[in-house]
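The values are calculated or read from the model by the stated rules, or taken from the named source; none is laboratory data. Small disclaimer: the values here were computed from a predicted structure and weren't measured. All Cβ positions, glycine included, derive from the backbone under ideal geometry; neighbour counts span all protein chains shown. These area figures cover heavy atoms from the full protein model, side chains too; ligands, DNA and RNA do not enter into them. Shrake-Rupley method; radii C 1.70, N 1.55, O 1.52, S 1.80 Å.
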Amino acid sequence: MDARSALQAATSTTAAPHSPCPIRRTSDCQRMLVARGLTKEYLSGSQPLTVLRDVTFDVPAGAFVSIVGPSGSGKTTLLGLLAGLDTPSRGTVSLDGVDFGVLDEDRRAKLRGEKVGFVFQSFQLIPTLTALENVQVPLELAGRVNVREAASRARDLLGRVGLGDRVHHFPQQLSGGEQQRVALARAFVNDPRILFADEPTGNLDGATGERIVELLQELNRERGCTIVLVTHDASLAARTQRTIRLRDGVIVEDIRHDQSPA
Ligand code: ADP
Ligand code: MG
């Protein structure tokens, strides 16, 4: 291996599986996410509307956490703040030890590109690119692999979400559930340290949803990827390690489903 390849291998976040925290006590595990006093206000006319209020919690590395709550309770807003896509009115978020609040937009984007996968509730696929190209884009932007490898990895992931025969379709030629699976493959493609997913099984039938849940569990167990997902599906929430319930922008319940590190 030449010096350049060695340097790339040593610094690449995709070089090896992330080792999940081997110690099962929260206090001993590295904290992947730290949210402190998160408050988000919007202006509704001239009146401030508080959609998240003083939300505080930690997520250790390697955890699999679900966020549940009624429509309008602030789940999507919270996910956006945790992933550094949006900024809080008050409070702080640290991701893997880095406080988003001290970073400008460019550095936040860089940190997201290196560590974060995000599945939007509305998919946010690029309409002028095929499924394959949509999945390839983040890999090419990260610049860690050449175009051929990027295409091969993207094709493999699309196969794993059941879209091996749709790789050349454009988003508008795909059903909602198929677009959702492209969005999932795109979020996985950079082997993120943390994956945020907003209702990732919301548009899928039972069998397809099950396949996606298994993929998420595999990513969590085998790659040590921390996962934070929003769901309406109580049976999916029960399969995660911990469930945080929001109501009117406040955490009203935070339960562990097993002796997990979450
Ligand atoms: P959930 O995902 O739980 O359904 P959201 O986080 O999308 O809830 O929204 C929480 C509340 O914040 C809703 O009442 C919504 O109307 C409001 N909201 C979300 N985004 C904005 C915005 N950009 N401007 C004003 N209000 C917003
Ligand atoms: Mg939402």
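Fully extending the segment from Gln217 to Ile255, taken as 0.36 nm per residue of separation minus the present Cα-Cα distance, adds 11.8 nm. Solvent-accessible area of segment 54-129 (1.4 angstrom probe, protein heavy atoms only): carbon and sulfur portion equals 51 percent.
Think of a 1.4 Å ball rolled over the protein heavy atoms: the chain then has 48 Å² of accessible area per residue. Under 18 Å from the 7 Å Cα→Cβ point of Ser71, by amide nitrogen: which residues of segment 179-205? Correct set: 198-204. Using only Cα atoms, locate the centre of segment 101-115 and the centre of segment 233-255, then give the distance between them in Å, rounded to an integer. Comparing the Cα centres of segment 101-115 and segment 233-255, I get a distance of 28 Å. At full extension, Ser89 and Val102 could sit 3.2 nm farther apart than now, given 0.36 nm per residue minus the alpha carbon distance. Modelled label positions at Glu41 and His168, each set 7 Å beyond Cα in the direction of Cβ, lie 5.5 nm from each other.
Expressed as a whole percent, the accessible surface of segment 169-262 that belongs to carbon and sulfur atoms is 42, based on a 1.4 Å probe.
In terms of packing, defined here as the mean over residues of other Cβ atoms within 10 angstrom, the peptides 74-81, 198-205 line up highest first as 74-81, 198-205.
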